[in-house]
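Below is one structure, written out as structure tokens; comments come after it.
The values are calculated or read from the model by the stated rules, or taken from the named source; none is laboratory data. On a predicted model such as this, the values are computed, not experimentally measured, just so you know. Methodologically, a virtual Cβ is constructed for each residue, glycine included, from the backbone with ideal geometry; neighbour enumeration extends over all protein chains shown. Protein only, heavy atoms only, side chains kept; ligands, DNA and RNA dropped before computing areas. Shrake-Rupley method; radii C 1.70, N 1.55, O 1.52, S 1.80 Å.
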Amino acid sequence: LCGEKILRDDGGWIYRGVVEPERHWVTEHRINGRAIMPGAGIIHLVQSTFFDFANQPAAIEITSLTFVRPLVIAESGTEIAVIFSPDSGVEVRSRHKGGDGTWQTNALGEVRPCTAPPAEDRETIPESVAESPSRIQDGDFIRFGPRWECDARYRTHQGLECFRIRLPEPFHNDLQEY
């Protein structure tokens, strides 16, 4: 989503791109009727641009991530900027495509290559621990599109949680791009 890369005077980088509602699935996530970029989508933006910024596709650590305001996807499209400062700071900003030029901060945090050992994987949870179904529910305030009608299951054992989410089959081709 962020194809343009700009070097800042302080040595940081800005990654910019445009989310077009007719091209991207984000319009399926609606709050009060407005298309909103899901929090997981913002995390994905930070992750994918950091891989380029750090010049290495490795595990990363995102800390102190604060969602300041919803990232609204305008009908005309929304410009997005992911800004990395030399001190590990990251900021996600947006503005309506063709708007007045005012950028809004959507998320703030820190990101760096991960130095911790890999977390225990799901095999650590014994198969004898039963999975419980979970369902994302629509309501009057929030509406989800068909990609959110997924099969979600989780298991918990001795403080370790494992979630398995299966995307509905008609959308498996989305996985090639995202």
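Could you check the stretch 162-173 and list, in sequence order, the residues that are at pLDDT 70 or above, out of contact with any helix residue (DSSP H, G or I) (no Cβ under 6 Å at 6 or more places or on another chain) and surrounded by 12 or more Cβ atoms within 10 Å (Cβ to Cβ)? If you could, list the steps in order and put the result at the bottom.
Taking the stretch 162-173 first, the residues at pLDDT 70 or above are 166-173.
Cutting the leftovers down to out of contact with any helix residue (DSSP H, G or I) (no Cβ under 6 Å at 6 or more places or on another chain) gives us 166-170, 172-173.
The answer is LEU167, PRO168.
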Requested in this report: Among the numbered conditions (1) open to solvent by 90 Å² or more (accessible area, probe 1.4 Å); (2) closer than 17 Å to ILE43 by Cα; (3) modelled with pLDDT under 90; (4) among the basic types (Lys, Arg), tell me where ARG69 comes up short.
Outcome: (3)
Requested in this report: Return yes or no: is SER76 among the small types (Gly, Ala, Ser), open to solvent by 50 Å² or more (accessible area, probe 1.4 Å) and at pLDDT below 70?
Outcome: no
Report task. Please work out which residue is surrounded by the most Cβ atoms within 10 Å (Cβ to Cβ), limiting yourself to the stretch 11-39 and to residues that are among the small types (Gly, Ala, Ser) and modelled with pLDDT of 85 or more. Result -> ALA35
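Assess whether GLU131 counts as being closer than 16 Å to LEU45 by Cα and either modelled with pLDDT of 90 or more or open to solvent by 50 Å² or more (accessible area, probe 1.4 Å) (or both). Reasoning before the result, please.
On the way: closer than 16 Å to LEU45 by Cα: no; either modelled with pLDDT of 90 or more or open to solvent by 50 Å² or more (accessible area, probe 1.4 Å) (or both): yes.
Against the criterion (closer than 16 Å to LEU45 by Cα and either modelled with pLDDT of 90 or more or open to solvent by 50 Å² or more (accessible area, probe 1.4 Å) (or both)), GLU131 does not qualify.
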Report task. Being under 13 Å from LEU45 (Cβ atoms), in contact with an Asp or Glu (Cβ under 9 Å, 6 or more places away or on another chain) and of a type outside the set (Phe, Trp, Tyr) is the filter here, so list the residues in the stretch 3-32 that pass it. Result -> ILE14, ARG16, GLY17, VAL18, VAL19
Query - Only listed residue being modelled with pLDDT under 85 and over 23 Å from GLY99 (Cα atoms), chosen from ILE60, ILE43 - result: ILE60
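Assess whether TRP103 counts as being farther than 30 Å from THR115 by Cα and open to solvent by 50 Å² or more (accessible area, probe 1.4 Å).
Criteria met by TRP103.
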